[in-house]
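The values are calculated or read from the model by the stated rules, or taken from the named source; none is laboratory data. Please read all numbers here as calculations on a predicted model, not as lab measurements. Ideal geometry is used to build each Cβ from the backbone, glycine not excepted, and the neighbour counts take in all protein chains shown.
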Amino acid sequence: MTEVGRILKLAQNDFSYFFRTKWLMAVLLSLNLSDMLVVALVYKGIMNKTTFFTNYFSFFVPSVVVMGLFAAALDTGRRIWLAIREGVVQYYLSLPISLGGVVVAYLLAGGLASIVYAGSLLIVALVVLPAQAVWSTLLLLPFLFVLAMGLAGIAATLAALASTHGEYFFAYQQVVQLALLTLSTLYYPIQLVQAHFPSFLVSIVSANPLTLAVQAMRNYTFAGNPVQPLSLVFILLASLPFTVIGALAYYLALRAFTIKGKL
């Protein structure tokens, strides 16, 4: 078997764990669906009366999809952290596969699991959307996959950092999750951010890959506007640094393990 074949096999094995946590996924899906079908509809009557929203349901449902993508990607970090804690990493390092191959396999599995999870939310959303929204969604999926790999890279970084600090992984995860979700336009439009935040924070919010992804989904999937290639390029450019940093952090953690025998 070639190196690529081993990477794909390991990615397939890790991806299968996503389906083994059926009850966890069912709970998360129910929470996201309640946000989509209850919170968005309830808030619609309140938010539509403000100057910033014309249809809060169409504004917030893409946010739920992107938050689902984010949550599923961060679960990659949990699996890596458990692999380090429970000694599974020793097994991976004994396989005829390079350290870089292990890293790529985890990121691929994390990206694919995130797309499957977010896709299940999108299927529900597409019930109330026009037929052309399906085509726009298909165009967005490859770029959302790169974003998911970038978010999985963040999770890998946190797992690598927490490997030497006991139970800190979930604390790290909460801090990063709060920062990325808050400094985005998932809950409020960019006009509101510009009206109340200093310019440097507006720049951070605008460059946040979650902001770019949710705005693309609002504009192309929900509003039905023609897809602009430049916005897809921006999603790609904003996501790749997270992927590279995460992959490098996890690679260095595995390399340290092979040298020191521990993390």
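Annotations for the structure displayed:
- Selection of region 184-201 for residues being without any contact (Cβ under 8 Å) to a residue 60 or more places away in the chain and surrounded by fewer than 17 Cβ atoms within 10 Å (Cβ to Cβ) yields ILE190, GLN194, ALA195, HIS196, PHE197, PRO198, SER199, PHE200, LEU201.
- Members of region 207-220 found to be at pLDDT below 85 and in contact with a Pro (Cβ under 7 Å, 6 or more places away or on another chain), listed by number: MET217, ARG218
- Any hit, region 130-153, residues being hydroxyl-bearing (Ser, Thr, Tyr), surrounded by fewer than 20 Cβ atoms within 10 Å (Cβ to Cβ) and assigned to a helix (DSSP H, G or I): no
- The one condition in (1) surrounded by fewer than 24 Cβ atoms within 10 Å (Cβ to Cβ); (2) at pLDDT below 85 that ALA179 fails to fulfil: (2)
- Of the residues making up region 250-261, those that are in contact (Cβ under 8 Å) with a residue 12 or more places away in the chain and of a type in the set (A, V, I, L, M, F, W, C) number 4.
- Residue that is nearest to the chain's Cα centre (by Cα) [pool: residues in region 83-99 that are surrounded by 15 or more Cβ atoms within 10 Å (Cβ to Cβ) and at pLDDT 80 or above]: LEU99
Condition check ((1) in contact with a Ser or Thr (Cβ under 7 Å, 6 or more places away or on another chain); (2) touching a residue at least 40 places away in the same chain (Cβ under 8 Å)) across all residues:
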position: SER203; (1), (2): no, no
position: LEU210; (1), (2): yes, yes
position: ALA216; (1), (2): yes, yes
position: PHE222; (1), (2): yes, yes
position: PRO229; (1), (2): no, no
position: LEU232; (1), (2): no, yes
position: ILE235; (1), (2): no, yes
position: PRO241; (1), (2): no, yes
position: LEU248; (1), (2): no, no
